[in-house]
Amino acid sequence: MKKLIIGAAIVAVSSASALAADLPMQAYKSAPVVSQVYNWTGMYVGVNGGYGWGTQDPLTLFSNRFDRSSFGISGGMFGGTIGAQIQQGYVVIGIEGDLDWANIKGSAVSNPTIGGTPIGIGLNVASNTSAVGTARIRAGAAMNNWLFYATGGAAFVKNSANGTSIAGVACGTLGVFPNCAASGWRPGLAAGLGAEWGFAQNWSAKFEYLYIASVGSGVSLDYINTVRAGINYRF
């Protein structure tokens, strides 16, 4: 009887093993990897630097009587940025302000005219844009950690000019050319395009172009093209 029970157990175990061997093996599936979506929402601060070039009419800093007379300017700039934005789907909208120290300058010989008539003065004029500030709206499209945007708003430019007489009536002559050194802030507008790359969850690098037009006294309209690169940290 004992041998019969042992034999039956051996047969049962052998049958179960054979049945398990015939069953199909289920392939192991790893858990799906969920990629983290980059989020552009938040306040941020940063630094930027670049290059500017354009034209300027420094005579309007001396007086609003003279005809338009501009020359080329160029130089570097460096400063800080602060902003805030919110992302809804692919759309990112925000505000941004910056203030840059600048050394965008130029010089030329000028013969001022009034109503197209020369006034008998020759000046060696040097001009310098020493600061550029903007306050703008940014609106763009986010493609995960890439942001492509357009921007526009107000601009403020600090200009200075110095003139040295080289012919005719000297600077400082009362009623003719009383002042040959002046400086001041000029308001204007700024507009441009840019791209920003989020290389870490709170860090991004940007490259942008801005066109800045500032209004001087009289009918003067000066402009600066700027290209800037920057790094932002978002809270």
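Annotations
- Entry comment: accessible area of segment 46-140 is 43 Å² per residue, from protein heavy atoms only and a probe of 1.4 Å.
- Calculated FRET value between TYR209 and ILE137, using beta carbons and R₀ = 22 Å, to 0.05: 0.85
- Label separation (SER165 vs ALA229): 4.9 nm, computed from points 7 Å beyond Cα along the C-beta direction.
- Here segment 96-235 is assigned +1 on the Cβ of each Lys and Arg and -1 on the Cβ of each Asp and Glu. Its dipole about the Cα centre then comes out at about 80 debye.
- Label point 7 Å beyond Cα of TRP101 along Cβ direction - residues of segment 68-93 with amide nitrogen under 20 Å: 74-82
- Based on alpha-carbon atoms, the Kirkwood radius and the radius of gyration of segment 89-219 give Rg/Rh equal to 1.18.
- Percent accessible area from carbon and sulfur atoms, segment 110-207, protein chains only, probe 1.4 Å: 68
- Given charges at beta-carbon only (K, R positive; D, E negative), |dipole| of segment 29-133 in Debye: 140
The values are calculated or read from the model by the stated rules, or taken from the named source; none is laboratory data. None of these values were measured; they are calculated from a predicted model. Methodologically, a virtual Cβ is constructed for each residue, glycine included, from the backbone with ideal geometry; neighbour enumeration extends over all protein chains shown. When the accessible area is computed, the model is the full protein with side chains, heavy atoms only, and any ligands, DNA or RNA have been set aside. Shrake-Rupley method; radii C 1.70, N 1.55, O 1.52, S 1.80 Å.
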